[in-house]
Amino acid sequence: MRADYRIFLDACVLANFGVCDLLLRLSERPRLILPHWSAEVLAEVRRTHLEKLRWPAALAETFQTELRNAFPDATVTGYEVLMPALNNHEKDRHVLAAAIQGNCPLIVTFNQKHFPDEHLRPWKIAASHPQDYLLVLYDMEPTQVTACLGAIAGKRNLEIQDILIRLGKSVPSFSQRLLDDLA
């Protein structure tokens, strides 16, 4: 039932490896969500990884390849024609247009100011901070979210609490809520 809930992930979310990793693991079977993005968003992620985060080029390319391979139906195309009709922040009109084209009722973004409600409402789309959306997913499926965090921790040979502390830099309320629940 929830497994077909389509979300559009903004570049700022995909570029944040910890948050991205958790959301994408929640998109694997048994999935809670269906992630979507555009080639333009992926290009922005690549630039961020290379120029701002200083990832090695091979790592940035592997990340892109893995995204495409793991989620072959996630890339939205044909949205450009919608952009002139949009009123949200000019630099993020491509995101809203792709969300509309991809039939995604939710844009997950750290940059909510570029997506005011009054510009999204006519399209029946909302924007959510990753922290708020992760809290919703946790309230719906606490066992699955905790299991995904456990898988991430196991892969990195860490405890779930260590992963939550790291996530706390980007999604502090989510991290604190789970740390409290695990205590």
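Derivation of every value follows stated rules applied to the coordinates shown; laboratory data play no part. Treat the numbers as computed from the prediction; the structure is a model and nothing was measured. Here the Cβ is made from the backbone with ideal geometry for all residues, glycine too, and neighbour counts use every protein chain on show.
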Original post:
Measuring from centroid to centroid over Cα atoms, what is the spacing of the range 13-44 and the range 103-124 in Å?
Top reply: 17
Subject >> Residue-by-residue Karplus 3J(HN,Hα) for the range 71-85, coefficients 6.51, -1.76, 1.60, Hz, glycine and proline x >> reply: 10, x, 9, 7, 7, 8, 10, x, 8, 4, 5, 7, 4, x, 8
**OP:** Filter the trypsin sites (Lys or Arg not before Pro) in the range 82-167 to those in DSSP coil with at most 16 other Cβ atoms within 10 Å of their Cβ, and list the result.
**Re:** Lys124, Arg156
Original post:
Under a 5 Å amide H to amide H cut-off, with H placed in plane at 1.01 Å, what residues pair with Arg6 once short-range neighbours are removed?
Top reply: Leu34
Original post:
Out of Ser175, Leu106, Gly150, whose Cα points farthest toward the positive end of the dipole of the chain (charges: +1 Lys, Arg; -1 Asp, Glu; placed on Cβ)?
Top reply: Gly150
Original post:
Taking the Cα atoms only, what angle lies between the long axis of helix 172-182 and the longest principal axis of the chain, rounded to 10 degrees?
Top reply: 30
Subject >> Pairwise label distance in nanometres, Thr143 with Lys169, each label 7 Å out on the Cα-Cβ vector >> reply: 3.4
Original post:
Using alpha carbons only, how many degrees (0 to 90, rounded to 10) separate the axis of helix 130-140 from the longest principal axis of the chain?
Top reply: 60
**OP:** On a 0 to 90° scale, report how tilted helix 142-155 is relative to the longest principal axis of the chain, with both axes built from alpha carbons and the result rounded to the nearest 10.
**Re:** 70
Original post:
Once amide H atoms are built 1.01 Å from N in the peptide plane, which residues 5 or more positions from Ser38, or in another chain, come under 5 Å H to H?
Top reply: Val76
Original post:
For the chain, what relative contact order do you get, as a whole percent, if you take Cα pairs closer than 8 Å and at least 6 residues apart?
Top reply: 22
Original post:
In nm, to one decimal, how far is the Glu90 label point from the Ala58 one, both placed 7 Å along Cα→Cβ?
Top reply: 4.1
Subject >> Set Lys113/Lys155; Lys124/Lys169; Lys52/Lys91 screened for pairs whose C-alpha atoms are more than 24 Å apart >> reply: Lys113/Lys155; Lys124/Lys169
Subject >> Approximate spin-label separation Phe71-Asp117, in nm, with each point projected 7 Å along Cα-to-Cβ >> reply: 2.6
**OP:** Determine ³J(HN,Hα), in whole Hz, for all residues of the range 47-59 in sequence, where each value follows from phi through the Karplus function 6.51 cos²θ - 1.76 cosθ + 1.60 and θ = phi - 60°; x replaces Gly and Pro.
**Re:** 4, 4, 4, 7, 8, 8, 9, 6, 5, x, 4, 5, 5
**OP:** Average the reciprocal distances over every distinct pair of alpha-carbons in the chain, invert the result, and give the Kirkwood radius in Å.
**Re:** 16.8
Subject >> Gained length - Lys155 relative to Arg31, 0.36 nm times residue gap less alpha-carbon distance >> reply: 42.7 nm
